[in-house]
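Following: one structure in structure tokens, then a few remarks.
FYI, it's all coordinate maths here, none of it is from the lab. What you see is a predicted model; the values in this text were computed from it and never measured. Using ideal geometry, Cβ is built from the backbone for each residue, glycine included, and neighbour counts are taken over all protein chains shown.
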Amino acid sequence: MTNVDYHNKKIAVLGAGESGEAAAILLAEEGAVVNLLDTADEKKLRPKIDHFRHLGLAISVIAGEAALRDTSHYDRAILSPGIDPAVPLVQNFIRRRIDMIGELELAYELCKCPVVAITGTNGKTTTTQLVERMFNGSGVRTIACGNISPAFAAVVRKSGGLDLMTLEVSSFQLEQIRTFRPRIAVWLNLSPNHLDRYRSMEEYRAAKLRIFENQTEEDFAVVNLRDQLPPLKARKITFSAYQAGGDYELRDGVIFYHGEPVLNMAETRLRGLHNAENLMAALAVGHAHGTSHEQLVAPLRDYTAPPHRCEFVRNFEEVDYINDSKSTNLDSLEKALMSETRPIVLIAGGKDKGFEFDALAALVAQKTRHAVLIGQMADRIATSWQAGVPCEKAASLADAVRLARAHAQPGNVVLFSPGTSSFDMFKSYEDRGNQFRSLVLSMT
């Protein structure tokens, strides 16, 4: 929310994904001279080039090797969050000392309303959607965007007509902030993730903590009571479904605020302690904004979680099949396992993100009667778990579903909760989940 003038400034946007494309369009509309650089070949980028031309925007696209060799002068570079600063494309700009910010910071500079920002290893998308539903259902105008899609830069021009902008923010987005200051910042949780990009958990945690960096005593920090955070300037509101003592806590399935009942989980379409915390965080955001609990709870009762999050797919041969493809780290896998009371046949595994599965071995042994493993991590997970549960490697997801079906007995659950990323075998966790759902629905 600063008045930065981009008119006639020469700006490089690094990365042609959703955030980069939105940033390039926004900058061109602001009168900047924009070059969009991406190491993909021009043929792959042709739809974006045609889209810019259709919009009548003079955005130059520099593709492939030419993007790596670019030596043009720029007043500023905008880094897309999905691009690791260590890659050659970005290092070329760093070596030349070109001023660089991220798409999150760019959009914030042009935002005309206060911001709610939500981060955490797990639950960001659900909580962001809960906040959007809750506010719009109680007369507070907001749009959910950011890491959740659409990109912040794609909708920031609507901010003048909003009361709040609700953002899902990732550690990657927070790496490049300078002035970004949420009126309400939410810290949901932290568990091992993205250790293929960060050198340690401390580095990952430090990136996440930047969400609080520019807050003042006038702002609010909604934080999980279980996480030990450094001193914060903002006014804290705490929550936990796992221990007592927070401003929001869970007792016998009911969310309480300072001892007063607010929302019965049985009245919502969400289940599990992790979703109780997502609801608590959303309620805390609404309370911080000054909206009464009575206004907030009605829209929350009607919310349905997005796909791929412990999504019931089908009961077949008296076995429930659950799609939890959004499980891209150990914490989300742990929560999925803890949410089940029936014996589990587990399908897990995927991309090697730099962390081990040893920490879940005892829980897997307790909850799971058989594990079917896929992807780059299959061998290492088997080494971690095989002492406590039979482990079997599958050559493909179709093979994994076939093996899981063979081992499942009536009354069991086949849980597809990979615990790591999808990119070794699939385009995305959505693609992975959609393929699992299709395979299960096609069983006869």
query = For the stretch 106-301, what class follows from the C-alpha gyration tensor (a ≥ b ≥ c being the square roots of its eigenvalues): rounded when a/c is under 1.5, otherwise prolate if a/b is larger than b/c, else oblate?
reply = oblate
request  = Using DSSP to define loop residues, name the trypsin sites (Lys or Arg not before Pro) in the stretch 353-444 whose beta-carbon has at most 16 other beta-carbon atoms within 10 Å.
outcome  = LYS427
remark   = Most exposed first, judged by fewest Cβ atoms within 10 angstrom, VAL285, VAL401, VAL389 run VAL389, VAL401, VAL285
inquiry  = If the reach is capped at under 16 angstrom between alpha carbons, list the lysines near LYS158, excluding any in the same chain fewer than eight residues apart.
reply    = LYS112
ask   = How big, on average over all directions, is the shadow cast by the Cα convex hull of the stretch 10-98, in nm²?
value = 5.1
message = Within a 10 angstrom radius of the beta carbon, how do LEU300, LEU104, LEU229, LEU190 rank from fewest other beta carbons to most?
response = LEU229, LEU190, LEU300, LEU104
remark   = Measuring from its Cα centre, the stretch 125-274 shows a charge dipole (+1 at each Lys and Arg Cβ, -1 at each Asp and Glu Cβ) which, in debye to the nearest 20, is 380
query = What ³J(HN,Hα) values, in whole Hz, does the Karplus curve 6.51 cos²θ - 1.76 cosθ + 1.60 give for the stretch 357-370 when θ = phi - 60°, with x put for Gly and Pro?
reply = 9, 4, 4, 9, 4, 5, 5, 4, 4, 6, 9, 10, 9, 7
Members of LYS233/LYS427; LYS335/LYS427; LYS43/LYS353; LYS48/LYS335 lying beyond 32 Å, as alpha-carbon distances in this model show = LYS233/LYS427; LYS48/LYS335
key: Antiparallel DSSP beta bridges within the chain, percent to nearest 5   = 20
Gaussian network model of the chain, springs between alpha carbon atoms under 10 Å - residue of ILE49, ILE184, ILE347 with greatest fluctuation = ILE49
key: Computed P(r) (all Cα pairs; the chain; 20 Å bins; percent)   = 24, 54, 22, 0
query = Just how large is the dipole of the chain about the Cα centre, in debye to the nearest 20, putting +1 at every Lys and Arg Cβ and -1 at every Asp and Glu Cβ?
reply = 360
For the stretch 322-330, Karplus couplings with θ = phi - 60° (6.51, -1.76, 1.60), whole Hz, Gly/Pro x = 10, 9, 10, 4, 5, 5, 10, 7, 5
request  = Once you have a ≥ b ≥ c as the square roots of the Cα gyration tensor eigenvalues for the stretch 267-308, tell me rounded if a/c is under 1.5, and otherwise prolate or oblate according to whether a/b is larger than b/c.
outcome  = prolate
query = Dipole of the stretch 311-441, Cα-centred, from +1 at each Lys and Arg C-beta and -1 at each Asp and Glu C-beta, to the nearest 20 debye?
reply = 140
message = Could you tell me the extents of the stretch 311-441's C-alpha atoms along the three principal axes, largest first, rounded to whole Å?
response = 37, 32, 24
note = Scoring only Lys, Arg, Asp and Glu (+1, +1, -1, -1) among other residues with Cβ under 12 Å from the Cβ of VAL4 yields -3
